[in-house]
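First comes the structure, then the notes that go with it.
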Amino acid sequence: MSCEIKEKDRVGTVNPIFTCQPAGAQFVSIGIKDCIGIVHGGQGCVMFVRLIFSQHFKESFELASSSLHEDGAVFGACGRVEEAVDVLLSRYPDVKVVPIITTCSTEIIGDDVDGVIKKLNEGLLKEKFADREVHLIAMHTPSFVGSMISGYDVAVRDVVRHFAKRENPNDKINLLTGWVNPGDVKELKHLLAEMDIEANVLFEIESFDSPVLPDGSAVSHGNTTIEDLVDTGNALATFALNRYEGNKAAEFLQKKFEIPAVVGPTPIGIRNTDSFLQNLRKVTGKPIPQSLVRERGVALDALADLTHMFLAEKRVAIYGAPDLVIGLAEFCLDLEMKPVLLLLGDDNSKYPNDPRVVALKENVDYDMEIVMNADFWELENRIKNEGLELDLILGHSKGRFISIDYNIPMLRVGFPTYDRAGLYRYPTVGYGGAIWLAEQMANTLFADMEHKKNKEWLLNVW
Ligand code: SF4
């Protein structure tokens with residue numbers, strides 16, 4: 001009985017769980033108001049990422065490309081960045097923030113993006129756009145290291161580092177949500193409002209669940225403003241909810257402005273939400289109100305209805321973003337389930353020493369595997385060739401064919417989830433998220449019981 005953490009022992013990847021670093025930087029850029037990122041690379045580096053964003057949120061987002069071609073890939077393409085900035089600013093008079101996001105090809109050829117930005121700041125911006133506030137921010141996200149998760153982390157840090165200023169210290173907290181859904185942001189804002197805590201929510205993407213308004217506007221963008229970003233330097237503390245998606249920015253603010261960083265826990269499940277609220281209480285001095293005690297009670301009641309009868313002992317495989325996977329595994333354990341396989345889709349060397357992973361290793365009393373740098377073959381091979389038996393899969397839509405092919409029920413959670421309607425609208429964090437997750441897992445199992453005629457009569461009598 002042990003929890004083993006290991007690396008995928010093959011060279012190469014069969015069906016990756018993640019996409020590459022620039023995708024994370026692009027997700028950050030669409031969270032900023034009056035911002036369009038320019039991805040310095042081939043058009044596909046934008047096109048496919050935009051497509052995933054649109055598939056997941058069923059909305060359209062604006063991103064630009066320097067549109068690298070063969071000559072640029074051989075001789076360098078700094079000129080294309082200059083041209084791209086000029087065209088973008090000319091066409092979009094409201095744009096103020098332009099991240100320049102590098103890719104594998106432009107990092108390999110060694111394009112000096114920082115140098116280009118210096119040149120543009122001293123030349124084009126002064127000459128042609130002198131009356132405009134424009135911020136060009138270099139984001140180095142080569143795709144041959146890390147993943148979209150580390151790309152997100154790097155980009156959040158780069159944006160915060162560009163803007164943060166210590167001007168008028170205040171009692172607000174910075175809340176770095178990590179790569180979440182509008183439903184999560186809504187839930188987090190609700191918890192903060194109940195605690196009467198003012199927060200600078202970064203990045204404010206609740207608006208990705210955007211309405212159709214009479215003016216026919218069809219493009220979505222986040223609501224984090226330049227003022228919000230500048231104000232990060234004035235905060236009382238920074239809460240980075242995800243260790244791998246925002247921690248770098250929290251560390252930067254701590255180092256530069258001595259703003260305390262509170263990293264994690266990802267508030268998935270009851271105990272992690274409890275810890276989050278306790279941390280808020282400690283930092284701000286604000287008490288946890290009765291309204292949240294009651295919400296917690298409602299969540300506990302909902303979980304108690306399901307746990308012993310339906311969820312206990314269910315064997316689960318979980319894949320996706322590391323903070324999400326670990327948070328879900330902790331929640332499953334609290335529900336008496338057995339997460340037997342956790343797949344982390346990149347090679348971050350910090351995973352084995354993550355205190356949550358260490359705690360799993362020390363406390364799990366059955367066989368659990370945690371595979372780093374994993375791909376979908378790690379899951380499929382175990383099911384197909386090694387006799388892995390599962391009752392449930394938790395993960396994003398890219399793994400749907402394993403669920404379909406091997407007839408294993410699957411709850412879509414994480415990013416991207418494009419083959420089920422409206423999932424971005426629901427939280428996985430907070431007490432509301434705990435209820436949603438447990439009930440969706442149960443409903444997924446119920447549908448499977450009916451489909452396979454496996455004790456489906458139980459559903460008549462509980
Ligand atoms: S792997 Fe390289 S070429 Fe492919 S999308 Fe990522 S950055 Fe672009």
Using the structure shown, decide if E59 is surrounded by fewer than 23 Cβ atoms within 10 Å (Cβ to Cβ) and modelled with pLDDT under 95. yes
When the residues of region 54-66 are filtered to those that are among the polar types (S, T, N, Q) and within 8 Å of V39 (Cα to Cα), which remaining residue is farthest from the chain's Cα centre (by Cα)? S66
Which condition does I117 not pass, out of (1) touching a residue at least 24 places away in the same chain (Cβ under 8 Å); (2) buried (at least 16 other Cβ atoms within 10 Å of the Cβ), if it passes all the others? (1)
The residue that is farthest from the ligand (Cβ to nearest atom), considering only those in region 14-28 that are among the polar types (S, T, N, Q) and closer than 23 Å to A73 by Cβ, is Q26
If P355 satisfies all but one of (1) in contact with a strand residue (DSSP E or B) (Cβ under 8 Å, 6 or more places away or on another chain); (2) at pLDDT 95 or above; (3) not aromatic (F, W, Y), what's the number of the condition it fails? (1)
Go through region 104-124 and report how many residues are part of a loop (DSSP other than H, G, I, E, B) and within 16 Å of the ligand (Cβ to nearest atom). 2
So which residues in region 125-144 are within 16 Å of the ligand (Cβ to nearest atom), open to solvent by less than 40 Å² (accessible area, probe 1.4 Å) and part of a loop (DSSP other than H, G, I, E, B)? T141, P142, S143
Looking only at region 364-404, count how many residues are open to solvent by 40 Å² or more (accessible area, probe 1.4 Å), of a type outside the set (A, V, I, L, M, F, W, C) and either touching a residue at least 12 places away in the same chain (Cβ under 8 Å) or closer than 17 Å to S2 by Cα (or both). 9
Just give me the residues in region 30-45 being within 15 Å of the ligand (Cβ to nearest atom) and open to solvent by less than 10 Å² (accessible area, probe 1.4 Å), in sequence order. G37, I38, V39, H40, G41
If you go through region 65-81, how many residues are modelled with pLDDT of 95 or more, open to solvent by 20 Å² or more (accessible area, probe 1.4 Å) and hydrophobic (A, V, I, L, M, F, W, C)? 1
Residues satisfying the stated conditions in region 418-453, i.e. part of a loop (DSSP other than H, G, I, E, B) and under 21 Å from I383 (Cβ atoms): D419, K452
Would you mind stating whether K361 is in contact with a strand residue (DSSP E or B) (Cβ under 7 Å, 6 or more places away or on another chain) and open to solvent by 40 Å² or more (accessible area, probe 1.4 Å)? yes
Which residue, of D305, D334, D323, is buried (at least 23 other Cβ atoms within 10 Å of the Cβ), closer than 30 Å to G399 by Cβ and of a type in the set (D, E)? D323
Among the listed residues S65, S60, which satisfies the condition of being out of contact with any Ser or Thr (no Cβ under 7 Å at 6 or more places or on another chain) and in contact (Cβ under 8 Å) with a residue 12 or more places away in the chain? S65
Test: residue in region 162-173 that is within 16 Å of the ligand (Cβ to nearest atom), touching a residue at least 40 places away in the same chain (Cβ under 8 Å) and open to solvent by less than 50 Å² (accessible area, probe 1.4 Å): no
Only residues that are more than 15 Å from the ligand (Cβ to nearest atom) and assigned to a helix (DSSP H, G or I): list them for region 54-80, please. S54, Q55, H56, F57, D71, V74, F75, C78, G79
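The values are calculated or read from the model by the stated rules, or taken from the named source; none is laboratory data. Quick caveat: nothing in here was measured; it's all calculated off a predicted structure. Note: ideal-geometry Cβ built from the backbone for every residue, glycine included; neighbour counts use all protein chains shown. Remember, those area values only see protein heavy atoms, side chains included, never the ligands or the DNA or RNA. Shrake-Rupley method; radii C 1.70, N 1.55, O 1.52, S 1.80 Å.
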